[in-house]
Amino acid sequence: MFAKNDYKRAQNGLILLIKFAMAQQKPKFNPNGRIFVDLKVYRPNRRTDCSNFIKSVNDAVARAIGIDDKNYDGSYHGFTDKENPRFVIEVRQ
């Protein structure tokens, strides 16, 4: 569990990464359309609770692309990868 400052720092880092990826790919989003977020999480073990993580990723995507997450649909896929924990986010419209 992150302390509040650590959580904000991690979320701000994620926002920067999303903005960087968007600058490379130059996607265009209709602010009134539905956004689909596909999240794949590769955790080091099965002990972590991902529900708060999913919400924080959606919040970071919303801040990065400027579209309220109430317009989001999505899917979540959880995997275990002890050697290379990571997450993959796909955002499309």
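Values quoted throughout were computed directly from the atomic coordinates according to the rules given, and no laboratory measurement underlies them. Quick caveat: nothing in here was measured; it's all calculated off a predicted structure. All Cβ positions, even for glycine, are placed from backbone atoms using ideal geometry, and neighbour counts span all protein chains on display.
Take each peptide in 19-25, 68-74, count the other Cβ atoms within 10 Å of every residue, and average; sorted highest first, the result is 68-74, 19-25. Relative contact order for the chain: 44 percent, from Cα pairs under 8 Å spaced at least 6 residues apart, divided by residue count.
Where in the range 31-71 is the amide nitrogen less than 14 Å from a point lying 7 Å along the Cα-to-Cβ axis of Phe79? Correct set: 39-45. Only lysine pairs 8 or more places apart or on separate chains count here, and in the chain those with Cα atoms under 19 Å apart total 10.
Across the chain, the convex hull enclosing all Cα atoms gives 99 Å³ per residue. Computed from the alpha carbon positions, the gyration tensor of the range 4-49 leads to an equivalent ellipsoid with semi-axes of 25, 16, 12 Å, biggest first.
Give, as a single signed number, the net charge of other residues whose beta carbon lies under 14 Å from the beta carbon of Pro85, with Lys and Arg counted +1 and Asp and Glu -1. Charge balance in the 14 Å sphere: +4. Counting only Cβ charges, +1 for Lys and Arg and -1 for Asp and Glu, the dipole size of the range 43-93 around its Cα centre is about 200 debye. Here the chain carries DSSP beta bridges of which approximately 45% are antiparallel, counting only pairs with both residues inside. Once the Cα atoms are used to define both axes, helix 51-65 deviates from the longest principal axis of the chain by about 30 degrees. Here the range 42-93 is treated as a sphere whose radius is the Kirkwood value from Cα pairs; by Stokes-Einstein at 20 °C and 1.002 mPa s it diffuses with a coefficient of 176 µm²/s.
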